[in-house]
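Nothing in this text is a laboratory measurement; each read-out follows from the coordinates by a stated rule. These numbers come from a predicted model, not from an experiment. Neighbour counts run over all protein chains shown; Cβ positions are idealised from the backbone, glycine included.
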Amino acid sequence: MALLLKTSSDRGPWWREEFGKALPDLEFRLWPATGRAEDIEFALVWKPEPGFLRALPKLKVIFSLGAGVDHIFEDPHLPEGVPIVRLVDEQLTRQMVEYAVLHTLRFHRQVPGYEAQQRDKRWHELPQKMTRERRVGVMGVGEIGGAVARKLAGFGFDVAGWARTERKIEGARVFAGRGQLTPFLGRSEIVVCVLPLTPDTTDILNARAFAAMPRGSYVISIGRGGQLVETDLLAALDSGHLAGAALDVFREEPLPASSPLWTHPKVTLTPHVAAITDPRSALSQVVENIGRVRRGLAPLNVVDPKRGY
Ligand code: NDP
Ligand code: OXD
């Protein structure tokens with residue numbers, strides 16, 4: 001029996017090497033060299049084409065190559081009854097926290113403003129809020145967003161989180177549900193969006209959300225591009241209501257060259273690299289889950305298809 005890896009990155013041979021060390025008895029196949037479909041028990045995938053997984057008749061587990069699973073649920077022909085497992089990975093979380101902290105501090109300390117002044121050779125002090133006066137809001141306070149909120153609270157920011165259900169985060173007030181979205185946004189001058197993409201969170205960063213945020217606020221979007229209405233963001237930046245945005249994820253990836261986001265003076269963007277799955281860290285949980293399934297146990301970190309995350 002075999003594991004099939006389908007990735008769009010060039011890290012396939014690296015995964016093969018790491019799997020070879022950890023599970024030498026498991027045959028490793030790297031897409032497109034799928035071989036006999038009947039041999040594949042485990043699939044480790046990123047953005048599988050519709051119908052790809054259903055064509056593997058002996059599949060026991062679908063592993064996402066990331067924390068998000070929206071790229072799997074996009075397939076309307078998923079095989080029924082096969083558990084979908086996401087990554088819950090310390091290294092992935094750490095990188096996401098780094099990215100969120102980096103841009104929060106950048107906005108809080110007005111780095112874009114000072115960079116503009118440097119271009120003009122202008123020596124001028126901008127007004128600076130105290131850390132405890134800066135209200136940061138984290139949309140999605142699960143594995144990653146929870147760690148982001150705790151780290152920012154540790155810096156001394158006035159942090160709030162927003163989740164679907166009520167939960168406790170040390171150092172942060174958590175707002176829950178749609179009914180509390182507007183008050184959450186209304187108190188948040190820097191919003192970090194680290195939500196999973198589901199029907200409920202699609203287009204959630206829209207003109208209404210931006211209007212609810214205080215004038216001069218910032219958006220850091222690291223969940224999924226489908227959450228951000230890019231034309232609404234551009235309008236809010238151009239009107240001066242929003243002061244800046246840091247974007248890692250986009251509706252269309254790679255971001256088309258024609259997108260005005262590339263050159264907008266208030267936008268910093270990166271090519272979906274806030275966190276990059278590293279086999280040296282992520283492999284152990286896949287190995288553990290394969291072991292569990294072989295022993296007849298349910299895998300860990302199975303997502304709920306009804307919730308979509
Ligand atoms: P989790 O499932 O651990 O947490 C999700 C959080 O979002 C939970 O707090 C959940 O609420 C909340 N949430 C979900 N739906 C809603 C909703 N409708 N309204 C309000 N809150 C909601 O996920 P992770 O933290 O592990 O990952 C989050 C996302 O980050 C991934 O799905 C992925 O899209 C993105 N990501 C991006 C990366 C990048 O490189 N840019 C890298 C890694 C992840 P509740 O607590 O009530 O369940
Ligand atoms: C993820 C990602 O979901 O890299 O892990 O986006």
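Summary of computed values
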| read-out | value |
| --- | --- |
| Selection of trypsin sites (Lys or Arg not before Pro), segment 3-70, meeting DSSP coil and at most 12 other Cβ within 10 Å | Arg36 |
| Reachable aspartates and glutamates, given that their alpha-carbon falls under 18 Å from the alpha-carbon of Lys6 and they are not under 8 places away in the same chain | Glu17, Glu18, Glu27, Glu38, Asp39, Glu41, Glu49, Asp70, Glu74, Asp75, Glu253, Asp278 |
| At most 13 other Cβ within 10 Å, DSSP loop - trypsin sites (Lys or Arg not before Pro), segment 255-309 | Arg295, Lys306, Arg307 |
| Residue pairs, from the table Lys168/Lys266; Lys151/Lys266; Lys129/Lys151; Lys129/Lys168; Lys47/Lys168, whose Cα atoms sit over 29 Å apart | Lys168/Lys266; Lys47/Lys168 |
| For Lys58, residues with placed amide H under 5 Å, excluding near neighbours | Ile40 |
| Selection from Pro48, Pro254, Met130, by position along the positive dipole direction of the chain (Cβ) | Met130 |
| Helix-only CD estimate at 222 nm, as mean residue ellipticity for the chain, using -39500 (n - 2.57) per DSSP H run (n ≥ 4) | -9000 deg cm²/dmol |
| Computed over segment 74-130, Kirkwood Rh from alpha-carbon pairs, angstrom | 15.6 Å |
| Residue-wise HN-Hα coupling along segment 41-51, computed from phi with Karplus coefficients 6.51, -1.76, 1.60 (Hz; x: Gly, Pro) | 9, 10, 10, 10, 9, 9, 6, x, 5, x, x |
| Cut-off 12 Å between beta-carbons: net charge of the residues surrounding Arg135, Lys and Arg +1, Asp and Glu -1 | +2 |
| Residue of Val293, Val194, Val219 that the Gaussian network model of the chain assigns the largest fluctuation, springs spanning Cα pairs under 10 Å | Val293 |
| The chain - share of DSSP beta bridges that are antiparallel (%, nearest 5) | 5 percent |
| Beta bridges by DSSP in segment 90-269, antiparallel share as percent, to the nearest 5 | 5 percent |
| Per DSSP, loop GluC sites (Glu not before Pro) in segment 151-212 with at most 14 further Cβ within 10 Å | Glu166, Glu170 |
| Pairwise Cα inverse-distance average, inverted: Kirkwood Rh of segment 90-269 (Å) | 16.4 Å |
| Amide H partners (placed H, <5 Å) of Phe63, local residues excluded | Ala43, Leu44, Val45, Val85 |
| Kirkwood hydrodynamic radius of the chain, Cα pairs, Å | 20.8 Å |
| Using alpha-carbon coordinates, inclination of helix 279-294 to the longest axis of the chain, degrees | 40 degrees |
| Taking segment 90-269 and dividing mean pair separation by its residue count, relative contact order in percent (alpha carbons under 8 Å, at least six apart) | 16 percent |
| Pairwise centroid distance, computed over Cα atoms, of segment 1-31 with segment 239-296, Å | 22 Å |
